[in-house]
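The values are calculated or read from the model by the stated rules, or taken from the named source; none is laboratory data. Given the structure is predicted, the values throughout are model-derived calculations rather than measurements. Cβ coordinates were reconstructed from backbone atoms using ideal geometry, including for glycine residues, and neighbour counts include every protein chain displayed. The accessibility values were calculated without ligands, DNA or RNA, using every heavy atom of the protein model including side chains. Shrake-Rupley method; radii C 1.70, N 1.55, O 1.52, S 1.80 Å.
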Amino acid sequence: QVQLVESGGGLVQAGGSLRLSCAASGSIFSINAMGWYRQAPGQQRELVAAITSGGSTNYSDSVKGRFTISRDNAKNTVYLQMNSLKPEDTAVYYCNAEVVPDGSSWWQALDAWGRGTLVTVSS
């Protein structure tokens, strides 16, 4: 089994910063892409940022220039540095990873999700 555990959420004032972390554990051979999604109340879950195993990144237009995604492959961990936070960034942030379990090949990657961490930005 694979688990993703997020941390780093909380309450921050507009203009402030937070850093989210997500660590994957379990029977992992490798991890392909990792990413962060968010879901605000009454909204659909949306992609915030993603990063490949090689370090290529992409961001939603709403966070470009403010958020930075990074990963530590040795620690199976992905980070999201969030700067210049806005009230509209308030949401539950979920970590996602394409995990190749031990004994599997890359095309047998599983889609794993964390339970989410709440980020609240006050105005």
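A few points about this structure:
- With the simple spin-label model, which puts each label point 7 Å out from Cα in the Cβ direction, the GLU88 to SER53 separation comes to 3.6 nm.
- Long-range HN-HN contacts of VAL48 with modeled amide H, under 5 Å: TRP36, TYR37, ARG38
- Computed label-point distance, nm, for sites GLN13 and GLU46 using a 7 Å Cα→Cβ extension: 2.6
- The chain - percent of accessible surface contributed by carbon and sulfur, probe 1.4 Å: 47
- Between the range 49-67 and the range 5-41, the alpha-carbon centres lie 13 Å apart.
- Whole-Hz couplings from phi, Karplus 6.51/-1.76/1.60, listed for the range 2-8; x for Gly and Pro: 10, 10, 10, 10, 8, 8, x
- Phi-derived couplings, Karplus 6.51 cos²θ - 1.76 cosθ + 1.60 at θ = phi - 60°, listed residue by residue for the range 84-100: 6, 5, 10, x, 6, 7, 4, 4, 8, 9, 10, 8, 9, 8, 8, 9, 9 Hz, with x used for Gly and Pro.
- Neighbourhood net charge (13 Å Cβ-Cβ; Lys/Arg +1, Asp/Glu -1) for THR57: +2
- Residue-by-residue Karplus 3J(HN,Hα) for the range 66-83, coefficients 6.51, -1.76, 1.60, Hz, glycine and proline x: 10, 10, 9, 9, 8, 8, 10, 5, 5, 9, 6, 10, 10, 10, 9, 8, 10, 10
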